[in-house]
1. At 7 Å along Cα-to-Cβ for each site, give me the label-to-label distance between residue 200 and residue 78 in nm.
2. Which whole-Hz ³J(HN,Hα) couplings does region 52-61 yield from phi under the Karplus relation 6.51 cos²θ - 1.76 cosθ + 1.60, θ = phi - 60°, glycine and proline marked x?
3. If we sort 37-50, 66-79, 123-136, 17-30 on the protection proxy, mean other Cβ atoms within 10 Å, highest first, what's the order?
4. Under a crude label model (7 Å from the Cα following the beta-carbon direction), how far is residue 63 from residue 169 in nanometres?
5. List the residues, sorted by chain then number, that are 5 or more residues from residue 134 or on another chain and whose placed amide H is less than 5 Å from its amide H.
6. List the residues whose amide H sits under 5 Å from the amide H of residue 117, counting only those 5 or more places along or on another chain, with H placed 1.01 Å from N in the peptide plane.
7. How many percent of the accessible area of region 1-44 is carbon or sulfur, using a 1.4 Å probe?
Amino acid sequence: MNAVPSAQSLRAAADRMVSALAAHGDPEYRLTVLKRLVRRLGEDRYPVFLRLLGVVAESDDPRAQRLLADTIGTALRRMDLPGGALSSWGATRLPDSAAPVSASDFSGQFFGGTPRRMLGPVEYLTVWHLQRTQRTALSAETFHTSLSRMIALLNQSEDARTLYPQKLAVDAQNELEGAYTRATRERLAAIASAWKAGRSPDEIAQAALDARATDTPHGWVLRDL
């Protein structure tokens with residue numbers, strides 16, 4: 001089992017991440033660096049990547065925030081977000097998070113395997129909070145805090161601030177792959193609408209919770225990020 005990173009180790013890792021991005025002037029190469037970091041962490045530790053984004057978001061370094069947000073903006077322009085995999089809500093069995101990721105994990109329905117989909121940071125948090133996946137669901141409080149912090153970071157980039165809500169609005173209309181429940185799609189639509197309207201990160205996160213507050217399944221065990 002992977003140890004939970006300490007606050008000190010997360011700050012050090014976030015500093016190395018930002019330094020690696022700052023060492024390259026090419027936005028495309030910066031995206032390559034960010035995606036390489038996600039791959040090195042591995043599927044089971046994508047939440048660590050989200051925490052690294054959170055460390056930068058909470059820092060007093062606007063340059064680092066813009067650099068990271070602009071890199072995600074580049075990813076959005078390319079439709080190539082650094083993502084993590086969560087099992088789809090319609091899965092008949094839960095994945096072994098310690099097992100290597102294979103192509104069939106992302107195929108949807110091959111041979112009765114667990115349907116999975118790669119999700120960007122905002123979508124990952126939303127699905128993690130609302131749906132049955134290989135992870136224990138996030139509490140509403142942690143979802144609100146993490147989402148608000150993430151959006152505050154992304155707002156440092158004009159591209160990310162403009163393109164991410166557009167992507168979420170499209171995702172909210174997609175019923176074909178079974179990656180999102182109706183409740184999740186409603187939350188994504190609420191996030192997209194509030195974000196496009198220029199509301200504050202805290203208000204956007206609250207709009208997500210208010211969209212369908214009664215949809216959180218009963219009897220779920222919740223944990224923090």
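1. 3.5
2. 4, 4, x, 4, 5, 4, 8, 6, 9, 10
3. Output ranking for 37-50, 66-79, 123-136, 17-30: 123-136, 66-79, 37-50, 17-30.
4. About 3.5 nm separates the two model spin labels.
5. Residues meeting the amide H criterion: 87.
6. Those lying under 5 Å, H to H, from residue 117 are 86, 88.
7. 52
The values are calculated or read from the model by the stated rules, or taken from the named source; none is laboratory data. Keep in mind it's a predicted model, so treat the numbers as computed, not measured. Methodologically, a virtual Cβ is constructed for each residue, glycine included, from the backbone with ideal geometry; neighbour enumeration extends over all protein chains shown. For the accessible areas, the whole protein counts, side chains as well, though only heavy atoms, and no ligand, DNA or RNA atoms are used. Shrake-Rupley method; radii C 1.70, N 1.55, O 1.52, S 1.80 Å.
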